[in-house]
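The values are calculated or read from the model by the stated rules, or taken from the named source; none is laboratory data. Remember, it's a predicted structure, so these values are computed and weren't measured experimentally. Every residue, glycine as well, gets a Cβ built from its backbone with ideal geometry; the counts of neighbours run over all protein chains shown.
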Amino acid sequence: GFVRIVPIPFVPYKHETEETTNDAIIMLPGISMRLLPCAMLLLLALLPPVSADFAFTQLPSSAWSEMTTDPDVLNTRPLKIPAGFIQRILSDETHLDIYRGNDWTDMQILNETGQDAGRYLYRTHEVRRHNDRLLDGRKGGAVSVVDLVSGQTRLFATREDWEAVDGVLWTQWNSLLVTEEQKHKSSPDPHYRDAARGLVYELFPEPDNPAQLMRAVARPLLGSLTHEGIEVDDDGNIYVIDEDDAGSIYRFVPDRFGDLESGRLFVLRVADEAQTGPAEWVLLQLDQRSLDARSAARNAGATGFCRPEDLERIGENLYAALTCEDGDGAVLSIRLGTERPVVRYFVKPGRNVARENALLRRTGFRHPDNLANGPDGRLWISEDNAPGDIWVADPDSDGDGYSDGVALFASLRDENGEPSGIYFGGIPARLFVSVQHSSTGNDKTVVIEKQQAQE
């Protein structure tokens, strides 16, 4: 029943108008204020004020003219951001270097409940068989963790059979769910050697030390797919996608809340073979050897979308990023909490946001990839594109299904990089952004915050 604050340690940063400074980030929840030493409380009192309001004036254009491979730029201010915001590097490969090549830092999430809630940031690393050699000679995918109090970054989990570890979710029962975006059976789990593609794994941190892994368990009933985004609703139902050119959206209903060892897998099917409209969740029968949810979905007449990637739930709406839907991509909304789900396009180039024209360097929306729930309930969207932009979509208040407005917040200057893993955590809110496969060879986690002038 007391206020909780987690400070991120001093990290030098550069932003648009100042050269360098030092600062700390206050996160909520985390460690108890009464457990903080007096010196830390004094330090927090002296910090410049930080606003939880993420209102901004949208950028006039993407970072077309600012694209670079210069490490002096990309290792300090990789993103073009609006006036009044600052960015800092929270952790990069100078803090923890896992792989011989880029570390492919990807999705991320805080420990949102439980012991030391808000203190640890877990990050997946999306390496595949051609680039998954660790510096110590081992192979395999990984999850790392950043301690936002000490500033230490360490390896949290790695396994030789993991490949393209991508999505990550913190559950209400204090575990992590991570997904494999594995396209083929190239590195099978030893317990599920016939699995068609990737699996979902449940990672249990030590209850008294969430930076330490206690155990990792495969959850085969969520299907073997080219997994990426993963979400949960208030009832403990899990939603996953299949990143395929005709990929579907799935819902797993456990028999008991928080227990993924038994339950039923469903797939979304829109009525009349349409892409949008009234829909239903159709029960699947999985082959117990291959666990091939894709084949089961197609046999059930499931609706296919062009490369579903991430999922984000805001209230009763589940959003899905469709990277190549109708070419440029789109964001889908699925209305939950009703007897029958209703599927609509929420963001669509040419309808409620401009189309990009790369030849003319005309800014627009293209290839949405990752999603985040903003501090005011708006949907944030990052692109798998060059330059990779970050957009913000207002809710649909007029009932036509489409966002009432889509604005450009940020654009990545990294010529070969991609903004990924967008996630909001803490109060006041901070936006965490991964930069993966950077031109510098130094993948990183960036924090963006809004700072108010001192009175």
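Can you work out which of the residues in the stretch 345-378 that are aliphatic (A, V, I, L, M) and outside any strand (DSSP E or B) is modelled with the highest pLDDT?
Out of the qualifying residues, it is ALA354.
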Problem set entry | Test set (1) surrounded by 16 or more Cβ atoms within 10 Å (Cβ to Cβ); (2) at pLDDT below 95 - ARG129 fails condition number | (1)
Seminar exercise, completed: Over the stretch 406-425, the set of residues of a type outside the set (Gly, Ala, Ser) and either assigned to a strand (DSSP E or B) or surrounded by 21 or more Cβ atoms within 10 Å (Cβ to Cβ) (or both) is VAL406, LEU408, PHE409, LEU412, ARG413, ASP414, GLU418, PRO419, ILE422, TYR423, PHE424
Problem set entry | Every residue from the stretch 180-205 that is of a type in the set (D, E, K, R) and more than 23 Å from the chain's Cα centre (by Cα) | LYS185, ASP189, ARG193, ASP194
Exercise. Given the conditions (1) without any contact (Cβ under 8 Å) to a residue 40 or more places away in the chain; (2) over 21 Å from ASP166 (Cβ atoms); (3) of a type in the set (Lys, Arg), and given that ARG430 satisfies all but one, which numbered condition is not satisfied?
Worked result: (1)
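Checking the conditions here, which among LEU213, LEU225, LEU203, LEU221 is within 19 Å of ALA246 (Cα to Cα), among the hydrophobic types (A, V, I, L, M, F, W, C) and at pLDDT 95 or above?
It is LEU225.
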For this session: Please name all residue pairs, on different chains or six or more residues apart, with Cβ atoms under 6 Å, provided the first residue is in the stretch 213-229 and is crowded, with 19+ Cβ neighbours inside 10 Å and the second residue is at pLDDT below 95.
Result: THR226/LYS183
Seminar exercise, completed: If we keep only residues of the stretch 367-405 that are of a type in the set (S, T, N, Q) and under 22 Å from VAL232 (Cα atoms), then the residue surrounded by the most Cβ atoms within 10 Å (Cβ to Cβ) is ASN370
Exercise. Restricting attention to the stretch 147-174, which residues are touching a residue at least 60 places away in the same chain (Cβ under 8 Å), part of a loop (DSSP other than H, G, I, E, B) and either buried (at least 17 other Cβ atoms within 10 Å of the Cβ) or not small (Gly, Ala, Ser) (or both)?
Worked result: LEU148, VAL149, THR171, GLN172, TRP173, ASN174
For this session: Run down ALA320, ALA302 and say which single residue is within 22 Å of ALA196 (Cβ to Cβ), in contact with a strand residue (DSSP E or B) (Cβ under 8 Å, 6 or more places away or on another chain), of a type outside the set (D, E, K, R) and not in a strand (DSSP E or B).
Result: ALA302
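Every residue, every condition in (1) part of a loop (DSSP other than H, G, I, E, B); (2) in contact with an Asp or Glu (Cβ under 7 Å, 6 or more places away or on another chain), yes or no:
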| site | (1), (2) |
| --- | --- |
| ASN385 | yes, no |
| ASP404 | yes, yes |
| ILE427 | yes, no |
| LEU431 | no, no |
| VAL435 | no, yes |
| ASN442 | yes, yes |
| GLU449 | no, no |
For this session: Look through VAL217, VAL253, VAL240, VAL282 and report the one residue that is among the β-branched types (Val, Ile, Thr) and within 19 Å of the chain's Cα centre (by Cα).
Result: VAL240
Exercise. With respect to GLY114, is the statement that it is among the small types (Gly, Ala, Ser), surrounded by fewer than 24 Cβ atoms within 10 Å (Cβ to Cβ), touching a residue at least 60 places away in the same chain (Cβ under 8 Å) and more than 22 Å from GLU231 (Cβ to Cβ) true?
Worked result: no
For this session: May I ask you to list the residues in the stretch 246-259 that are under 16 Å from ASP234 (Cβ atoms) and among the hydrophobic types (A, V, I, L, M, F, W, C)?
Result: PHE252, VAL253, PHE257
